[in-house]
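Peer 1: This is the structure I have questions about; it appears just below.
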Amino acid sequence: MIFILILTLSSIFPSNFYVNSSPERDYWPTEEWQISTTKKHRMKKDVLEQMIDYVQAEGVNLHSVVVVRNGYIVFEEYLAPGFMEQEHYLWSVTKSFMSALYGIAYEEGYIDDFDAKVLSFFPNITVDRYDPRKENITIANLLTMTTGLLWYDDANWVPMVAAPNQVEYILGLSLINDPGTVWNYDTGGTHLLSAILQEVYGNTTLDFAEKYLFSKIGITDYSWDQDKQGIHYGGHGMYMTARDMARFGYLFLNNGTWDGEQVIPSEWVNATTSPLIPLWPGWAYGALWWVRTDLGFYSARGRYDQMIYVLPEQDIVVAMTSNNPPGSFDPDYLIENYVIPAVKDDEASYPFSFVSLIGLTFIAVLTQRRKRRK
């Protein structure tokens, strides 16, 4: 089982995480991004322009792309109907925001045990298709999409949104695997994360995000859809500008620090963006982040190609908004064939090394740390 492995590794690495070092910054884009040139930041403008030529020639429905290097916007393009002030629907990029909020919630003391049982937060919910194994689903399972619940986005998303009670719908799904044993992409499970956060915080998930995240890093142009019980959707529903998406990626690039403040614990940033669960060659999943182990970046990914890329070795963040039919285009192609090659040849440009075993221990270690504090 996945979490038996995590607990085993926690005994080997009881208190240490790998943390990428962050360079000193000469300003922070809390109020405004500063604009610079590709030349000053050792990138090839012509290669990035070729990226836009490719997008247009191939009919890729890209609405915006923002490339940040060394903390400066060095390339920015908006293609109709996209525009700079547009609050674009982020779809599943919302999930990576939920991951960040849980790191903050742990640090602030609202969540103290990632092995806490999910059903314990919803004592008044009637659970259809009851299976005693549902009692074993934990917050950790939600964060790593290993609940064992039968979920398939194309089949379940519309019925969930239409249901009179979204939490009840999700908990009423059939359980087809023991919790913690099988990874399955699960938008429903991430909505339970938002519902739990609202329960423990005593106010909405959006209020929590505004207080502890958005206001800290200057994210101002956003909205977030709610379900029928007033719970902000944990797996989708967020709207944001491309520049504010880039701010979120930049926070992660800097290991959760922003202008001298540790907004998200650095251990959480590094662990949740590590390859906790191998998927297929070159790909892994962290805790609500996607990891390209072959290319050396991690990303928040949303339906129709809404993307936030973080490239630690190159000190780059890329935010994209799009409206491409599912499966019609691979946005990673632009990163691999244009953004990374745009870095000057005399600079190191190779995949960063993940310490995945240490990353795997994050949930168990954080839980143990919290228990020892009591």
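Computed from the coordinates by the stated procedures, all read-outs in this text should not be read as laboratory data. Treat the numbers as computed from the prediction; the structure is a model and nothing was measured. As a convention, Cβ positions derive from the backbone with ideal geometry for all residues, glycine included, and neighbour counts pool all protein chains shown.
Peer 1: With 32 Å as the limit, write out which pairs from Lys134/Lys216; Lys40/Lys216; Lys40/Lys95; Lys39/Lys211; Lys134/Lys228 have Cα-Cα distances beyond it, or answer none.
Peer 2: On the way: Lys134/Lys216 37 Å; Lys40/Lys216 28 Å; Lys40/Lys95 34 Å; Lys39/Lys211 37 Å; Lys134/Lys228 24 Å.
Distance filter (> 32 Å) returns Lys134/Lys216; Lys40/Lys95; Lys39/Lys211.
Peer 1: Next question, about the same structure. Just Thr241, Thr205, Thr37 to compare: in a GNM of the chain, with alpha carbon springs under 10 Å, which one fluctuates most?
Peer 2: Fluctuation is largest for Thr37.
Peer 1: Then there is this: Expressed as an acute angle from 0 to 90° and rounded to the nearest 10, what is the orientation of the C-alpha long axis of helix 362-373 relative to the principal long axis of the chain?
Peer 2: Between the helix axis and the principal axis of the chain, the angle is about 60 degrees.
Peer 1: Sticking with this one: Given springs between every Cα pair under 10 Å in a Gaussian network model of the chain, which of Leu175, Leu48, Leu279 has the largest fluctuation?
Peer 2: Leu279
Peer 1: If packing is taken as the mean number of other Cβ atoms within 10 Å per residue, what is the order of 132-138, 296-302, highest first? Walk me through the intermediate numbers first.
Peer 2: Numbers: 132-138: 16.9, 296-302: 23.9.
Order by mean packing, descending: 296-302, 132-138.
Peer 1: Report the Cα centroid-to-centroid distance between the stretch 28-77 and the stretch 103-119 in angstrom, as an integer.
Peer 2: Each part's Cα centre sits 38 Å from the other's.
Peer 1: Here is a follow-up. Just to confirm the number: angle between the C-alpha axis of helix 45-58 and the first principal axis of the chain, 0 to 90 degrees, nearest 10?
Peer 2: Rounded to the nearest ten degrees, it is 70.
Peer 1: On C-alpha positions alone, give me the angle between the axis of helix 2-12 and the longest principal axis of the chain, in degrees, nearest 10.
Peer 2: 80
Peer 1: Using helices alone, I'd like the mean residue ellipticity at 222 nm for the chain: each DSSP H run of four-plus residues gives -39500 (n - 2.57), total over residue count, nearest 500. Don't skip to the answer; put the middle values down first.
Peer 2: On the way: 12 runs with 119 residues, N = 374.
Value at 222 nm, helices only, nearest 500: -9500 deg cm²/dmol.
Peer 1: Charges on Cβ only, +1 for Lys and Arg, -1 for Asp and Glu, centred on the Cα centroid of the chain; of Asn254, Ser299, Phe122, which one is farthest towards the dipole's positive end?
Peer 2: Looking along the dipole axis, the top candidate is Phe122.
Peer 1: Using the C-alpha gyration tensor of the stretch 116-212, what are the square roots of 5 times its eigenvalues, in whole angstrom, with the largest one first?
Peer 2: Numbers: eigenvalues 85, 45, 38 Å².
Over the Cα atoms of the stretch 116-212, the semi-axes work out to 21, 15, 14 Å.
Peer 1: Also: Quick one: divide the alpha-carbon radius of gyration of the chain by 2.2 N^0.38 Å and tell me what you get.
Peer 2: On the way: Rg = 20.0 Å, N = 374, 2.2 N^0.38 = 20.9 Å.
For the chain, the normalised Cα radius of gyration is 0.96.
Peer 1: Where nothing but the Cβ of Lys and Arg (+1) and of Asp and Glu (-1) is charged, how large is the charge dipole of the chain around its Cα centre, in debye to the nearest 20?
Peer 2: Numbers: 27 positive and 45 negative charges, 204 e Å.
About 980 debye.
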